[in-house]
1. Given a 1.4 angstrom probe, I'd like the percentage of the accessible area of the chain that is carbon and sulfur, rounded to a whole number.
2. Residues in segment 291-314, backbone N under 18 Å from the label point at Ser88 (7 Å along the Cα-to-beta-carbon vector): list them, ranges by number please.
3. Can you work out the FRET efficiency for the pair Ala205 and Arg278, with r the C-beta to C-beta distance and R0 = 45 Å, to the nearest 0.05?
4. Cα convex hull of segment 43-128: mean projected area in nm², to one decimal?
5. Taking the Cα centre as origin and putting +1 on Lys and Arg beta-carbons and -1 on Asp and Glu beta-carbons, what dipole magnitude results for the chain, to the nearest 20 debye?
6. Over the chain, calculate the relative contact order: mean separation of alpha carbon pairs under 8 Å at least 6 apart, over the residue count, as a percent.
7. Say R0 is 45 Å: what FRET efficiency, to the nearest 0.05, do Glu50 and Thr296 get from their beta-carbon distance?
8. Using 7 Å Cα-to-Cβ label points, what is the Ala143/Lys219 separation (nm, one decimal)?
Amino acid sequence: MKKTTEPILVTRSSLPPMEDYIEKLRLIWDTAWMTNMGPYHEELKEKLKEYLKVDGLELFVNGHTALEMVIQAFGLKGEVITTPFSFSSTTHAIVRNGLTPVFCDIDPQNFTIDVSKLEKLITDRTCAILPVHVYGNLCDVAAIQEIADRHGLKVIYDAAHTFGEELDGKGVGSFGDASMFSFHATKVYNTIEGGAVAFKEPWLADILYKLKNFGITGKESVEYIGGNGKMNEFQAAMGLCNLKYVDGEIKKRQAVAERYREKLEDVKGIRLAVPNPRIKYNYAYMPVVFESFSYTRDEIYDRLAEHNIFARKYFYPCINAYECYRGRFDPDETPVAKRISGQVLTLPIYADLDLEAVDEICRIILE
Ligand code: T4K
């Protein structure tokens, strides 16, 4: 088998033509305005509100800070129900706000929170649900909202993976009380590092703006214990440039995802998430579950690495098995998440990935 010369990594950042970015840098040099809600920040905020089809939006320096700060904005106390099948950020944001995460298992089909197991985890200490639209697979937003309304709970989505996605034509950020998007370099759309909170209630705009700027409320007043979560002008300029090309990038990702599906969908022992025709996807990740295949997930991972192809075990281990949470949670209480996290591999996917490379990756897997 031919070894690829250049390593193929799980993803590769989308960058605009360099001239576009240089052009944007001129204003920064002319004005010397680099951060603290400058003109690019404000322009990007308005453009993203429209693109994401949401009522309110506040930009942040990264997705994690956005999540920490929206949790703080709601002034939550007690327990937050979430899933352990996510990136560390989701649970860390809960814990760093002094709240207790309670882990709900996931749906084996699309890996999001299993709504049939959610309600029995609600106690009189529960204040919110923090589900994850993992890999861009949307949660059952209607069922979650119905449960939340019945128990008077807030719903904050970790929508880090869902830039530009829609359900029945509605922007994904319009569900729940708030949604956090990540614009990290590894995401479908990037502002180098960056993130946002989308929301409906107008009061959130004001408090999020203040929280990300140290809680400052006036020339001589600081009313909140905020932090520094501001997106700077270099990030916002990159965001404005990338926004022009993102639809094209998503189309190219779609071709890659469809090629993988063509090659792997009907293979015995391999399972792909079932697409939902109501969702407009962004093809952020390509998760493949090696359930009863002739080789284990780890064997496939190693075999690809021998060929210079670096898939990733997103998300292994489950968060409730992390060293930093040892003794506090039992991963056996979320058996589906534990099983899937031992079987899933996210294969390389990005806009400029050649379809021939996809064929080669599939050939190595199936060989
Ligand atoms: N919630 C969820 C569900 C998330 O997945 C994340 C982030 C967050 C919250 C928090 O959002 P942010 O605060 O990050 O905005 C990466 C990303 O750093 C992280 O943003 C992402 N999730 C997570 C799933 O993946 P690593 O440690 O796997 O990244 P790294 O450095 O190994 O990069 C992966 C590949 O991306 C590289 O092999 C090559 C490519 N790459 C990477 C970088 C940094 C590029 O092409 N260009 C680059 O600049 O965490």
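The values are calculated or read from the model by the stated rules, or taken from the named source; none is laboratory data. All of these numbers come straight from a predicted model, not from anything done at the bench. Because the Cβ atoms are built from the backbone with ideal geometry, glycine has one as well, and the counts that use them run over all protein chains shown. Remember, those area values only see protein heavy atoms, side chains included, never the ligands or the DNA or RNA. Shrake-Rupley method; radii C 1.70, N 1.55, O 1.52, S 1.80 Å.
1. Roughly 52 percent, rounded to a whole number.
2. 312-314
3. That pair, Ala205 with Arg278, gives E of 0.95.
4. 6.9
5. Using Cβ point charges on Lys, Arg, Asp and Glu, the chain gives about 260 debye.
6. Across the chain, relative contact order equals 23 percent.
7. 0.50
8. According to this spin-label approximation, the distance is 5.6 nm.
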